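Remarks on the structure that follows.
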Amino acid sequence: MQNQEDIWEEDCAFTDEDSDEATFSQDSFTTEGMSGWETLPNVCLQHVFRFLPDGDRSMASLVCHHWHNVMHSPCLWRTRFFNFSGRLSKYRPSEYNSAVGYVRSLGVYLKKLEVCVCPPRTNVIAQRLEETICGLLFELVRVKAPLQFLSLVCLKLDRSSWDSGHRNILVDALIYFLRNGASKLRSVCLNGMRNDMQQGLKLLSALSEMHCYISSLDLRGFFSTAVSVHPNPSMPHFLQPLQGLTDLGLSYCCLSDELLMVLQQRHSEGRWTFGRNILQRISLHCTQNESHQQLVHSSSWAGLASHCPDLNIKLTVDQVINNDCLARMLVPGIPLREYSMTALYTPNENWSPKPLLCDMLPQYRHSLQILTLDLSNCSESLDEELLELVNVCEHLVDLRVWAFLEILTVGRLLQIRLNKKLLLNKIKVRIYTMNDNKEEQEDQLEEMLYAYQQNFPPELTFFAAIYPFI
């Protein structure tokens, strides 16, 4: 019961005297002590109970009839998160019993389900995971759960521990759920599933046949990194029927001129019928190991942007350290709002991010709002290039940089913000260092920041620190 006391104190902001009077524990359990709780409206009790884990909820439901009735309020059971590892434990029920039992008892209330899978290392663990996930999906169909949000992430079916039989059973179970138990589904996240081409297209076909309007679809990492998706015409074909789509997540290997054309035509044909569901956001993720050799032309991006005036593009690039590849991705015409890049490279890899900072990203000076860079530029200085990029981006509101930088660069960055960058209200800088003794650098940074702290506007969130680079 201590958890309830802590939450109660935080939510109601009691003074010390109030907290002493309201102490609620097993040692001081009296009718007088309960009087404050008994007078609470149900909505307040529901808010407190929402923070409790299942074990504490079960104990709280035994306190009295009132709490027992409140604990069975549907609003407390509409959201559920499962983390499946496939491992057995003698101290808690099996994952299968926990998941299936929960849906059997409370699935009629369930609206949001999130499942995160720890990828298996052995075939035995993969089999347990397959049985648990399939049992969960079948039970959702049986109880007719009113599910609106489904997230099933990190399956990584391209691992060798998943044999072809387990993969096929899992995909078939998911297709069965989509066709028989997903009539109210609005959001689907299958991030990191890593299907082969045949299995992935079967799932997309089932999604396209659903009689509901999916507004959010996250397919980043949906196909294995070894699969080259963009030449296949089926991908655009299966996305075309999703008329309610407003938020789309994709791996860059799925992107093509044909796909953007289909999204454009979808809005041309359904502008009046589905005017409220115009595509608003596309999140693209590109990794080093996947195929990203295709060129998506500027005209395709411009055509889509003309039909979706509020469209925002987020591009996340992970370890792509080839400027030719980056130039093919960062063509003019993209309504790029957010760019995030991780590039941890060594000097002998002979790559420089200067073309990116000086030539590619400045193309989006009128649209770029969020910029995140994690660079290991230990052999070259990027201070001037970074400052110039920040200076030219007119609508930048959030800047996060991890790189080898000079201490004075942080001060110059703050000066740019204080002089004219009124929109840039979130700045986070981590200065990498290879020095074992970083105290001297920390002292320089603290001394430099002290001179600016008096002029910090209240809306500015700023952080800067020295980090050892390992």
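The values are calculated or read from the model by the stated rules, or taken from the named source; none is laboratory data. Remember, predicted model here, so these are calculated numbers, not experimental data. No Cβ is skipped: glycine too gets one built from the backbone with ideal geometry, and neighbour counts run over all protein chains shown. What goes into the accessible areas is simple: the full protein's heavy atoms, side chains included, and nothing from ligands, DNA or RNA. Shrake-Rupley method; radii C 1.70, N 1.55, O 1.52, S 1.80 Å.
The table that follows gives values for the structure above.
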quantity: Counted residues, the stretch 175-193 - those being closer than 22 Å to Gly165 by Cα and either at pLDDT 95 or above or of a type outside the set (Lys, Arg) (or both); calculated: 8
quantity: Cross-chain or 6+ apart pairs with Cβ under 8 Å, the stretch 211-234 first and at positive phi, then at pLDDT 90 or above and hydroxyl-bearing (Ser, Thr, Tyr); calculated: Gly221/Ser251
quantity: Any hit, the stretch 215-230, residues being modelled with pLDDT under 90 and of a type in the set (A, V, I, L, M, F, W, C); calculated: yes
quantity: Subset tally (residues that are aromatic (Phe, Trp, Tyr) and assigned to a loop (DSSP other than H, G, I, E, B)) for the stretch 146-172; calculated: 1
quantity: Within the stretch 101-133, tally of residues that are farther than 25 Å from Arg194 by Cα, open to solvent by less than 60 Å² (accessible area, probe 1.4 Å) and in contact with an Asp or Glu (Cβ under 8 Å, 6 or more places away or on another chain); calculated: 2
quantity: Residues satisfying the stated conditions in the stretch 72-97, i.e. open to solvent by 100 Å² or more (accessible area, probe 1.4 Å) and either among the hydroxyl-bearing types (Ser, Thr, Tyr) or not in a loop (DSSP other than H, G, I, E, B) (or both); calculated: Phe81, Tyr91
quantity: Conditions (1) part of a helix (DSSP H, G or I); (2) of a type in the set (Val, Ile, Thr); (3) within 21 Å of the chain's Cα centre (by Cα); number of the one not met by Ile175; calculated: (3)
quantity: Residues located in the stretch 74-94, provided they are touching a Ser or Thr at 6+ places or on another chain (Cβ under 7 Å) and under 18 Å from Leu150 (Cα atoms); calculated: Phe84
quantity: Neighbours by Cβ (under 6 Å, 6+ apart or cross-chain): first from the stretch 295-322, more than 18 Å from His230 (Cα to Cα); second among the charged types (D, E, K, R) and modelled with pLDDT of 95 or more; calculated: Asn312/Arg281; Asn312/Arg337; Lys314/Glu338
quantity: Members of the stretch 400-428 found to be part of a strand (DSSP E or B) and not aliphatic (A, V, I, L, M), listed by number; calculated: Arg400, Trp402, Lys426, Lys428
quantity: Identity of the residue in the stretch 373-400, within 25 Å of the chain's Cα centre (by Cα) and open to solvent by less than 20 Å² (accessible area, probe 1.4 Å), that ends up farthest from Ala343 (Cα to Cα); calculated: Leu396
quantity: Any pair with Cβ under 8 angstrom, 6 or more apart, that starts in the stretch 86-109 at a residue that is farther than 15 Å from Glu130 by Cβ and ends at one that is in a helix (DSSP H, G or I) and open to solvent by 80 Å² or more (accessible area, probe 1.4 Å); calculated: none
